[in-house]
1. Ordered by residue, what ³J(HN,Hα) values in Hz, to whole numbers, does the range B:46-57 give under the Karplus form 6.51 cos²θ - 1.76 cosθ + 1.60, where θ = phi - 60° and Gly and Pro are x?
2. Enter the mean number of other protein chain beta carbons within 10 Å of the beta carbon of each residue in A:65-78, as an integer.
3. Quick one: which residues, 5+ away or cross-chain, put their amide H under 5 Å from the amide H of B:SER111? H built at 1.01 Å from N.
4. Using the Karplus equation 6.51 cos²θ - 1.76 cosθ + 1.60 (θ = phi - 60°), what ³J(HN,Hα) coupling, rounded to whole Hz, does each residue of the range A:51-64 give in order, writing x for Gly and Pro?
5. Let me know the shape class of the range A:12-87, please: from the alpha-carbon gyration tensor, a ≥ b ≥ c as square roots of the eigenvalues, rounded when a/c is under 1.5, otherwise prolate if a/b is greater than b/c, or oblate.
6. Could you check what % of the DSSP bridge pairs in the protein assembly as shown are antiparallel, to the nearest 5?
7. Please list B:VAL73, B:VAL91 in order of solvent-accessible area, largest first, computed with a 1.4 Å probe with all protein chains present.
8. Leaving ligands, DNA and RNA out of it, report the carbon-plus-sulfur percent of the accessible area of chain A at a 1.4 Å probe.
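The values are calculated or read from the model by the stated rules, or taken from the named source; none is laboratory data. Predicted, not measured: the structure shown is a model, and the values here were computed from it. When we count neighbours, we look across all protein chains shown, and the Cβ atoms used for this are built from the backbone with ideal geometry, even at glycine. What goes into the accessible areas is simple: the full protein's heavy atoms, side chains included, and nothing from ligands, DNA or RNA. Shrake-Rupley method; radii C 1.70, N 1.55, O 1.52, S 1.80 Å.
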Amino acid sequence: MTHTYVDGNALAGPLADLFAVDLTTAVLRCAGCGRTGPLAGLHVYQKAPGLVARCPGCQAVMVRLARTPTRVHLDLHGTLALAVSLPS
Amino acid sequence: MSIVTPGFHGRGRPAADLPPGQYLTEDFPVLSAGPTPRVPTGSWTFTVTTETGREYRWTWAELLALPAETVTVDLHCVTKWSKLRTTWRGVPLDTLLADVETAADFAVAESYGGYTTNLPLADLLDGQAWIAYSYEGEDLTAEHGGPARLLVPHLYLWKSAKWVSGIRLSHDDEPGFWETLGYHEYGDPWREQRYQGD
Ligand SMILES: [Zn+2]
């Protein structure tokens, strides 16, 4: 069966509208199962009214992102923590 | 830059009998916000929960034993495709809710896999909504929401919850999965109610 999702790099461009740092190497902790891993490892479902990124371990929704003509909506309630490396 | 990708199946020709901003498609695009739930009919149930917590539950066999209707309706997705004259078979919500004691004004449809969507209870009644288990004469496939989905064709298709597991009735309008992410609480395609504030 073909995958119906793409990898978490699909979030990097849209998140760049909101965050001043590059999030492609950010590490996120799943609120559902506690698994920690990089943004790029998430399963992103994009054939939908918005982007839905799920934990590769438990499939819980970790990030949701939708753009309307006037706003960007970001929901991170499935993400317990987000760690971003600072430029050295 | 585009986050949402309306028209990712390619733009069809516009048609006069479409709601504003929609284009016609002949195929049936599969939209999904997660892995496709595979729910065996042997363990499938449909539960109506009232505002007092009372539950009314049907098994698959009990659903199939209820009087069903065949309806031909147009579908309008908020990602801008419309598909006309689709034929479904299912049980009207009027039948399932007939003996349910409630004073609620609102409903939340809940799905296997965790999806939710909210709508006024009145929009589920008077021949406007069905629990559909057949599409174009065939069993409804899991990709399109089988074994059974909610069908509320007068609203944008995100209201027609795939893999429906129940309806929760409430005095309050509780926004669902897309309604909490900027989409309209009601979603009338003829008034182009795509987003909050439309
Ligand atoms: Zn998880």
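1. So the Karplus estimates, Gly and Pro as x, are 10, 10, 9, 10, 7, 5, 9, x, 6, 10, 10, 10 Hz.
2. Taking the mean over all residues of the peptide, I get 4.
3. Those qualifying (amide H under 5 Å, at least 5 residues apart or on another chain) are B:SER165.
4. Once rounded to whole Hz, the list reads 8, 10, 9, 10, 5, x, x, 10, 6, 5, 6, 9, 9, 10.
5. The shape class here is oblate.
6. Just about 90 percent of them are antiparallel.
7. Result of the area sort, largest leading: B:VAL73, B:VAL91.
8. Summing carbon and sulfur atoms, their accessible area is 56 percent of the total for chain A.
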